[in-house]
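Notes follow once the structure below has been shown.
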Amino acid sequence: MPPIPGSGLAKGLAVTLRTMTKKTVTAQYPDTQPELPPRSRGVIGLFEENCTVCMLCARECPDWCIYIDSHKETSPPAAPGGRERSRNVLDRFAIDFSLCMYCGICIEVCPFDALFWSPEFEYAETDIHELTHERDKLREWMWTVPEPPALDPAAEEPKEIAAARKAADKLAAQRAKEQQEQQRQQPEQQPEEQGEKGGNP
């Protein structure tokens, strides 16, 4: 069926009339803070304890706005005859937010959950150099990172929790078995002790 002539114009006018009858609401920012969605991309926070200086975030960043410096420390062997172990120690972790395009690739590729999105967006500066946040500043943003949403009750249990529960159940069953064996041995020992006491005048 061909469209009725002028139907598009009528639909457009209907939208205009509906909009004209509604009251216009202007958000009075900054007096009224906006209600941000939970997954807002504001600023990136660093959880320094989880960072292993693997450099994945810096290598994958399309803007090259992540700067990482580190050095290696050697620890003595834990047991005699063992070998020394070396580990990377983080010296500097900085993000230049004047270059960052908020793609989130660094957060996605981090294998150790060291980077997180924070919904905070009010960090404008008068000097562009102040937009390079060092690791101390990035650590402060971690306090503004919201808690992760609750898991879906119907979701599959994480493999780590399932493995830990299986190991705990196995250990509990082993301890229960040991306790049962100890309880069986105790009644056998008691009659022998009573016989020895009764035989001695």
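The values are calculated or read from the model by the stated rules, or taken from the named source; none is laboratory data. As the structure is a computational prediction, the values presented were derived from the model and not from experiment. Positions of Cβ are generated from backbone atoms using ideal geometry, with glycine treated the same way; all protein chains shown enter the neighbour counts. Note: accessible area is taken over every heavy atom of the protein model, side chains too, but ligands, DNA and RNA are not part of it. Shrake-Rupley method; radii C 1.70, N 1.55, O 1.52, S 1.80 Å.
The table for this structure:
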| quantity | calculated |
| --- | --- |
| Selection status of Glu108, assigned to a loop (DSSP other than H, G, I, E, B), open to solvent by 60 Å² or more (accessible area, probe 1.4 Å) and touching a helix residue (DSSP H, G or I) at 6+ places or on another chain (Cβ under 9 Å) | no |
| Tally, over the stretch 143-201, of residues that are modelled with pLDDT of 85 or more, of a type in the set (A, V, I, L, M) and closer than 30 Å to Pro119 by Cα | 1 |
| Strands (runs of 3 or more DSSP E) wholly inside the stretch 1-98 that include at least 2 residues being over 30 Å from Pro149 (Cα atoms) | 66-75, 85-96 |
| Residue within the stretch 65-85 that is open to solvent by 100 Å² or more (accessible area, probe 1.4 Å), over 30 Å from Phe116 (Cα atoms) and of a type in the set (A, V, I, L, M, F, W, C) present | yes |
| Any hit, the stretch 41-59, residues being basic (Lys, Arg) and either open to solvent by less than 90 Å² (accessible area, probe 1.4 Å) or within 26 Å of Glu120 (Cβ to Cβ) (or both) | yes |
| Residues (under 20 Å from Arg92 (Cβ atoms) and either free of Cβ contacts under 8 Å to residues at least 60 places away in the same chain or open to solvent by 80 Å² or more (accessible area, probe 1.4 Å) (or both)) located in the stretch 134-159 | Glu134, Asp136, Lys137, Glu140 |
| For Cys61: the one exception among (1) in contact with a Phe, Trp or Tyr (Cβ under 8 Å, 6 or more places away or on another chain); (2) within 18 Å of Phe112 (Cβ to Cβ) | (1) |
| Tally of residues being open to solvent by 90 Å² or more (accessible area, probe 1.4 Å) and over 30 Å from Ile128 (Cβ atoms) across the stretch 86-105 | 1 |
| Output for the stretch 111-120, where each listed residue is open to solvent by 90 Å² or more (accessible area, probe 1.4 Å) and closer than 24 Å to Pro37 by Cα | Asp113 |
